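Heads up: the structure comes next, in structure tokens.
The values are calculated or read from the model by the stated rules, or taken from the named source; none is laboratory data. Small disclaimer: the values here were computed from a predicted structure and weren't measured. Here Cβ is always computed from backbone atoms with ideal geometry, including for glycine, and neighbour counts include all displayed protein chains. Just so you know, the surface numbers come from the protein's heavy atoms only, side chains and all, with ligands and any DNA or RNA stripped out. Shrake-Rupley method; radii C 1.70, N 1.55, O 1.52, S 1.80 Å.
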Amino acid sequence: MAEADKTAPLPGVMPNRLPENAPAQDFDPKLVAKTLLRSTRAGALATIDRNTSHPFASLVNVATDADGSPLILVSKLSTHTANLEVDGRASLLLATTGKGDPLAHPRLTLIGTFTQIARDDAQEPNIRRRFLSRHPKSELYAGFADFSFWRLAVVSAHLNGGFARAADLKAADVLTDVSDAENLLSAEASAVEHMNADHAEAVKLYATRLLGADDGPGNQPWRLTGLDPDGLDLARGDLTLRLPFPERVTTAEHLRRIVVALAAKARAA
């Protein structure tokens, strides 16, 4: 990379734009950004139109790879896929919803380049598993020949948590370092399956006692959909949550101790 590129501003940055009367930062932008990234099920995808270079926005389901890189499953019959095939640069907006002014809720814009994951790529089975665990209904068409997974290599991000609560973030601020977590990641699939099959009560308590979620009516239980060094991903139907670990976890044995401690904390709550 040329020396000039190293000093060039990252895409999306907004330096020196806060008002003079802005209050001191009273939140953790990295934590908020990571929580949004790991817990949001769908987002607005903005690609570059292959015909005119206009921005083209669409809606896509979103999951994350172990390191937090966003994953999408799209058909080559879609306009956004045709755009990505020509130019992978894109942005992805993830936002929470709720009562009141929509702009009062946090939202995160991720900027980078999407790369298609080939069916014979060694990473494809794990990417498929993580995505379908978050979006089980997508299994109905994930095997169709025209569908494929794409992974966003994040370059930068911009968080807006409401008035005067904005932050420019680097990729390392929102992604998770997995370079030393091979032991944990190799055990992820079996650990998730084991927790859902044999410790469903603990998973429910994580959601209801530690994260304040409703148990909900019907027969849909809370379940784990994935895990990584930073925390656990949970879902019940269309609801998704993120439970951060109290400390970084890199091995299966460390994970076992942490989930047991979290279950004990939840039961005591």
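Points worth noting:
- Shape parameters for region 141-246, alpha-carbon atoms, Rg then Dmax in Å: 16.8, 46
- All lysines inside 27 Å of Lys76 as judged from Cα atoms, apart from same-chain residues fewer than 8 positions distant: Lys137
- Highest average packing first - 191-199, 31-39, Cβ atoms within 10 Å: 31-39, 191-199
- Within the full protein context, the accessible area of Arg119 is estimated at about 120 Å² for a probe radius of 1.4 Å.
- Heavy atoms of Thr115: accessible area, 1.4 Å probe, square angstrom to 10: 80 Å²
- To the nearest 10, the accessible area of Arg165 is 80 Å² with a 1.4 Å probe.
- With K and R counted +1 and D and E -1, the other residues having a Cβ less than 13 Å from that of Ala263 yield a net charge of +4.
- For the chain, the Cβ-based charge dipole about the Cα centre amounts to some 640 debye (Lys, Arg positive; Asp, Glu negative; other atoms uncharged).
- Accessible surface for region 113-234, divided over its residues, is 49 Å² per residue with a 1.4 Å probe.
- Positive-end ranking of Ser78, Ala200, Val62 along the dipole of the chain, with charges on Cβ about the Cα centre, is headed by Ala200.
- Kirkwood hydrodynamic radius (C-alpha pairs) into Stokes-Einstein, region 127-179, 20 °C and 1.002 mPa s, D in µm²/s: 152 µm²/s
- Using the Cβ of Arg242 as centre and a radius below 13 Å, the other residues enclosed give a net charge of +1, where K and R count +1 and D and E count -1.
- Using 0.36 nm per residue and subtracting the Cα-Cα separation, the extra length available between Asn196 and Ala269 on full extension is 24.2 nm.
- Ellipticity estimate at 222 nm from DSSP helix runs (n ≥ 4, -39,500 (n - 2.57)) divided over the chain, nearest 500: -8000 deg cm²/dmol
- Two-site FRET efficiency, Val155 against Thr251, from Cβ-Cβ distance with R₀ of 25 Å, rounded to 0.05: 0.25
- Those residues of region 73-109 whose amide nitrogen sits under 14 Å from the label point placed on Arg119, 7 Å along Cα→Cβ: 76
- Measure of compaction for the chain (Cα Rg per 2.2 N^0.38 Å): 1.04
- Each of Tyr141, Tyr206 has its accessible area taken with a 1.4 Å probe; listed largest first, they run Tyr141, Tyr206.
- Between the listed residues Leu175, Val260, Pro229, the Cα displaced farthest toward the positive end of the dipole of the chain, a dipole computed from Cβ unit charges relative to the Cα centre, is found at Val260.
- Within the accessible area of region 109-244 (1.4 Å probe), percent carbon and sulfur: 52 percent
- Here the peptides 220-228, 237-245 are ranked by packing, the mean other Cβ count within 10 Å, and the order with the highest first is 220-228, 237-245.
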